[in-house]
Amino acid sequence: MYDGKTDVEDFIALLQHLANIYGWEHDQKTIHLKTSLTGPAAECARPDTSARIYEDLRARFGITPDEAKRKLLGMRTGQQDNLRELADKIKKLTMLAYPGTETNLQETLALDHFKRVINADMSVFRVSRPPANLDEAVRTCCEYASES
């Protein structure tokens, strides 16, 4: 169920994942989506296609690419997030900030933001073993943290 109080992208990703698992046809996806909306989010259930409903949900409860860019740039060095959670947050914001950009470029941008945000000790270690992608950066940083 989605009422507009939590992250709309998480809800959409979950519903799309369920649709893939259960093999829902287009009409089934739309029905499940419409019946999953409650409270203020239920107002977005008027269109006849799931794509249009997703657009309405994102317009009302999501963040714009500019807002996502501001959030990325507003992240500070040494944030206390769990490294995996931090990487996931950065990856999600990067996808929202740069929609339509090739996946490889989004991955590079996410990795650059991750490098900027982690603390200085991790940065020194990372330079000696530069990661190829965000997942490798998280693994490398976790290994370094467990060794120190």
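The values are calculated or read from the model by the stated rules, or taken from the named source; none is laboratory data. This is a predicted model, so every value here is computed, not measured. Quick reminder, even Gly has a Cβ in these numbers, built from the backbone with ideal geometry, and neighbours come from all protein chains shown. Side chains included, ligands, DNA and RNA excluded: accessible areas come from the protein's heavy atoms. Shrake-Rupley method; radii C 1.70, N 1.55, O 1.52, S 1.80 Å.
The calculated FRET efficiency for the pair A42 and Y22, based on their C-beta separation and a Förster distance of 25 Å, comes to about 0.65.
The convex hull around the C-alpha trace of segment 42-118, projected and averaged over every direction, spans 6.0 square nanometres.
Keeping the other protein chains in place, figure out the carbon and sulfur percent of the accessible area of segment 1-56, with a 1.4 Å probe.
Numbers: 1800 of 3520 Å².
Carbon and sulfur atoms account for 51 percent of the accessible area of segment 1-56.
Cross-link reach is defined here as a Cα-Cα straight distance under 20 Å, omitting same-chain residues fewer than 8 places apart; for K89 the lysines meeting it are K5, K69, K71, K115.
Let me have the relative contact order for segment 17-92, percent, based on Cα pairs under 8 Å that are six or more residues apart. Let's see the in-between values first.
Numbers: 22 pairs, mean separation 13.3, N = 76.
Averaging sequence separation for qualifying contacts and normalising by length gives 17 percent for segment 17-92.
According to the Cα gyration tensor, what semi-axes, each the square root of 5 times an eigenvalue, does the equivalent ellipsoid of segment 1-63 have, listed from largest to smallest in whole Å? Each step should come with its number before you reach the end.
Values: eigenvalues 61, 31, 19 Å².
Calculated on Cα positions only, the semi-axes equal 17, 12, 10 Å.
As a ratio to 2.2 N^0.38 Å, the alpha-carbon radius of gyration computed for the chain takes the value 1.24.
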